[in-house]
Amino acid sequence: MKKIGVLTSGGDSPGMNAAIRAVVRKAIFHDLEVFGVKNGYQGLMEGNIEKMNLGSVGDIIQRGGTILFSARSEEFKTDEGQQRAIEQMKKLGIDGLIVIGGDGSFRGAQKLTEKGFPCIGVPGTIDNDIPGTDFTIGFDTSLNTIIEAVDKVRDTATSHERTYIIEVMGRDAGDLALWAGLAGGAESILIPEKKEDFSEIVDRLNRGHERGKKHSIIVLAEGVGSGFDFGERIEKATKLETRVTVLGYIQRGGTPTASDRVLASRLGAKAVELLINEQGGRMVGIQNNKLVDFAFDEVFAKNHSFNLDMYNLSKELSI
Ligand code: F6P
């Protein structure tokens, strides 16, 4: 392996830049040439590829977003699209690719690997929904952004003695909601992995109100459904003034936390090591603070699991 490529794909996440930096610097440290692909798989098919050097990744470790930009491409899902992508890389003599992204991006990387082009996946998504890794790059930063918002909403909720529903991202996973709910002291946490009894939520809100609680916070994962619909039902059932806040894309931006920068640096460097060792079709991850790697097939065969203990604890602490 002499020349490798790197791209970011799918929804961006804070820490992707730190991962790109680690890939580029680790590769150059090992005398490899590195090429940055702009706009994810779309840019790969179009040959939007540039050679990178040590300076290309200077001053980016602290920046949110991705300097390589990101995209979701339908065309790349076709055989022709994948073939075009491989041809573009072959033209430049690139013989391995690192893909920083989520589950969908890894499926693309798996296709390229099956066509004989070795790819390594680095988990970068705020959703923390990838099996095989305890954490994905961006989750911690997003979580901290949510917590800052929850704390602010709590102030105004107390002033007006209201119930607030805060809808957070996560796609089909409830990790952001679960962790934010526990860290933010929410009365209820709604996640797609666990069905909540509506009457239990209502009882808890009413009990709190009766004993003089000034406000209630409910954190709802987007995978459960609309926060606005849920808010309407809650207001009707409790007769307590209820407001809804959908946090939206602020959850995806911002300066990565130290934790995300460290994770991104470790995972990015590990991905380069795998390519140097002529491995492809694998994802790198972290488990109990140790770096691990798995075949994409193994990753796809598992379902993301949520932390039931944390969920139960949140219930005990919000009686
Ligand atoms: O996967 C990251 C994520 O932000 C999800 O939490 C959210 O459901 C989705 O991306 C939004 O995607 P888009 O950027 O295409 O609107």
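General observations
- Filter pass, residue 313 being open to solvent by 40 Å² or more (accessible area, probe 1.4 Å) and in a strand (DSSP E or B): no
- Hey, residue 222 touching a Gly at 6+ places or on another chain (Cβ under 8 Å), within 16 Å of the ligand (Cβ to nearest atom) and either more than 20 Å from residue 14 (Cβ to Cβ) or at pLDDT 95 or above (or both) or not: yes
- Among the residues listed as 151, 134, the single one being more than 15 Å from the ligand (Cβ to nearest atom), within 30 Å of residue 217 (Cβ to Cβ) and in the same structural domain as residue 227 (by TED's automatic domain parsing): 151
- In region 102-116, the qualifying residues are those that are open to solvent by 10 Å² or more (accessible area, probe 1.4 Å) and of a type outside the set (Gly, Ala, Ser), and the one that is farthest from the ligand (Cβ to nearest atom) is 115.
- Exactly one residue out of 300, 296 is away from the ligand (no atom under 16 Å from the Cβ), in contact with a helix residue (DSSP H, G or I) (Cβ under 7 Å, 6 or more places away or on another chain) and touching a residue at least 24 places away in the same chain (Cβ under 8 Å), and it is 296.
- The lone exception for residue 152 - which of (1) in a loop (DSSP other than H, G, I, E, B); (2) surrounded by fewer than 18 Cβ atoms within 10 Å (Cβ to Cβ) it fails: (1)
- Any hit, region 223-244, residues being acidic (Asp, Glu), closer than 30 Å to residue 108 by Cβ and in a helix (DSSP H, G or I): no
- Residue list for region 165-208, restricted to those being assigned to a helix (DSSP H, G or I) and open to solvent by 20 Å² or more (accessible area, probe 1.4 Å): 179, 182, 183, 198, 199, 200, 203, 204, 206, 207
Yes or no, residue by residue, for (1) away from the ligand (no atom under 16 Å from the Cβ); (2) at pLDDT below 95; (3) surrounded by fewer than 18 Cβ atoms within 10 Å (Cβ to Cβ):
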site	(1), (2), (3)
3	yes, no, yes
6	yes, no, no
43	yes, no, no
81	yes, no, no
94	yes, no, no
99	no, no, no
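The values are calculated or read from the model by the stated rules, or taken from the named source; none is laboratory data. It should be emphasised that the depicted structure is a prediction, and the values quoted were computed from it without experimental measurement. Every residue, glycine among them, receives a Cβ derived from its backbone with ideal geometry; neighbour counts consider all protein chains shown. All accessible areas refer to the heavy atoms of the entire protein, side chains included, with ligands and DNA or RNA removed. Shrake-Rupley method; radii C 1.70, N 1.55, O 1.52, S 1.80 Å.
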